[in-house]
Amino acid sequence: MKQRTLGYIHLSNESHVSELTAHRSVLSAADAIYEDVHCGGRIVERAQFRQLLTDANPGDTILCVSLDRWAWTLLDLHASITQLHSKGVTLNILEPNLVFSPDSQEDSSSAIALIDALARWDTTLQKRKMQHVVRGGTRTASSKPARLTKPRLTEPQLIKAGELQRDGYTVQNLADYFGVSRITMVKYMKMAEESGLYAKG
């Protein structure tokens, strides 16, 4: 079977027309290009990404322009590379220059082990962060229940939220990012829109 080069493009916002053109140009030598445009960052939201993982054959190489366009979380990065290696497929991320090849077993195993460790570390930190937000801080058995302090988002944070939303972040993604509840995030987003604050982003 002929070894192929497959390209992958992921853009989360329709305003990235020029970026889409640039990505297509960089990957123009690929035998086929899979595109997920105007969709979220999670793998479950990207139909062409999942199709690419299914279609790739042993010996194929997948090219992606940048790491943030391939995966948005360490867990997704780890899962996708593990799946590709099990099929004998190489992943080449152009920026930064990263090559995950099943041929160099020792190096690849070390890289996957590192990604796996980082993924578990990141998940643990996120859980602890959310537990801290929900509990309103730590407390001992003898202390009174801690009162939740009302989270506040600053103007720079709201402008950043607007930018992330345009890049495809959902309300829940934003709430997790800023460490607030979904209800609080919705309230602040509505206030920002009514005041025209997002226009500053």
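On the beta carbon distance between residue 172 and residue 83, with R0 = 25 Å, the FRET formula returns roughly 0.45.
Backbone amide hydrogens, once placed in the peptide plane, bring residue 62 within less than 5 Å of 6, 90, 91, 92, excluding anything fewer than 5 places away on its chain.
The distance between label points at residue 154 and residue 37 comes to 3.8 nm (points 7 Å beyond Cα on the Cα→Cβ vector). Apply the a/c threshold of 1.5 to the C-alpha gyration tensor of the stretch 155-200 and tell me whether it is rounded, prolate or oblate. Judged from the Cα gyration tensor, the stretch 155-200 comes out oblate (a/c at least 1.5, b/c at or above a/b).
An ellipsoid equivalent to the stretch 5-113, defined through the eigenvalues of its Cα gyration tensor, has semi-axes of 22, 15, 13 Å when rounded to whole angstrom and sorted largest first.
R0 = 41 Å: FRET efficiency of residue 5 with residue 44, Cβ-based, nearest 0.05? The formula returns an efficiency of 0.95 here.
Write out the GluC sites (Glu not before Pro) in the stretch 7-106 meeting two conditions: DSSP loop, and at most 15 other Cβ atoms within 10 Å of their Cβ.
Working: sites: 14, 19, 35, 45, 106; in loops: 14.
When the GluC sites (Glu not before Pro) of the stretch 7-106 are filtered for loop state and at most 15 Cβ neighbours within 10 Å, 14 remain.
What FRET efficiency, computed as 1/(1 + (r/R0)^6) with R0 = 30 Å and r the Cβ-Cβ distance, is obtained for residue 195 and residue 24, rounded to the nearest 0.05?
FRET efficiency, residue 195 to residue 24: 0.20.
Projecting label points 7 angstrom from Cα along Cα→Cβ for residue 186 and residue 98 puts them 3.5 nm apart.
No value in this document is a laboratory result; all are computed from the given coordinates. Just so you know, these numbers come straight off a predicted model, no measurement behind them. A quick note on method: Cβ atoms are made from the backbone with ideal geometry, for glycine too, and the neighbour counts reach across all protein chains shown.
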